[in-house]
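Please read the structure below before turning to the comments.
The values are calculated or read from the model by the stated rules, or taken from the named source; none is laboratory data. A quick note: this is a predicted structure, and the numbers were derived from the prediction, not measured. Backbone-built Cβ (ideal geometry, glycine too); neighbour counts: all protein chains shown.
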Amino acid sequence: MLFDKALLLSQIASILVNKIKSSEGQNDVSKEELEALISKEINTLNNVTELEVLSEKLKLLHSFESQYLTLIRDFKEEIKFVNSIQEDLRKERTKFFSENLSLVSKSLKETEIDKNIRDRWIEELVESFSISIDYSTQLTDQQTINKLSDLRKESTLVKKKVNSNDSKQSDN
């Protein structure tokens with residue numbers, strides 16, 4: 001239950017009336033004692049109200065995080081798949097430049113192909129490979145963007161659902 005001013009005021013009035021009635025049979029209560037009592041009761045009610053507001057916020061946060069983790073769990077396989085493709089592309093690029101290219105170059109040298117032709121052929125191979133890997137990377141990136149878009153849409157729906165549940169609870 002969120003902070004309700006009318007309820008708070010009626011609680012303060014009720015507390016004051018009860019305190020005044022309980023002190024009627026005793027010696028007169030001084031103004032300072034009454035002010036201290038009122039101040040104490042208001043602070044108590046403020047603390048309770050702050051805890052209630054904090055509790056509602058924490059419930060809302062928990063609900064949102066719970067729904068969000070459910071989405072992550074639902075998209076877990078897609079996330080793993082995209083990650084593995086990106087990792088494979090990085091490995092393939094690294095392997096090509098660190099191993100395969102030197103093997104091809106060595107093989108061309110051993111076949112005694114003219115140096116100019118060999119260099120040109122290697123340049124074209126590197127360019128062709130780079131274009132191919134770049135194209136694969138773009139496709140993977142597009143797949144990733146599409147999955148992120150799906151996740152954002154789902155997240156937006158979850159947020160709306162959580163907010164509508166929150167407003168229904170606060171109306172009650």
Task: Only one of LEU60, LEU51, LEU71 that is within 30 Å of GLN11 (Cα to Cα), in a helix (DSSP H, G or I) and touching a helix residue (DSSP H, G or I) at 6+ places or on another chain (Cβ under 7 Å) - done: LEU60
Open item on the list: Whether any residue in the range 83-103 is closer than 30 Å to LYS161 by Cα and either at pLDDT 90 or above or in the same structural domain as VAL162 (by TED's automatic domain parsing) (or both) is what I want to check.
Closed with: yes
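When you scan the range 96-133, how many residues do you find that are among the β-branched types (Val, Ile, Thr) and closer than 30 Å to GLN86 by Cβ?
Selection size over the range 96-133: 5.
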Task: Where a residue in the range 74-93 is outside any helix (DSSP H, G or I) and its partner, wherever it lies, is aliphatic (A, V, I, L, M) and surrounded by 14 or more Cβ atoms within 10 Å (Cβ to Cβ), with Cβ under 7 Å and at least six apart - done: PHE75/LEU151
TODO: Tell me, please, whether a residue that is surrounded by 11 or more Cβ atoms within 10 Å (Cβ to Cβ), touching a Ser or Thr at 6+ places or on another chain (Cβ under 9 Å) and assigned to a helix (DSSP H, G or I) can be found in the range 105-118.
DONE: yes
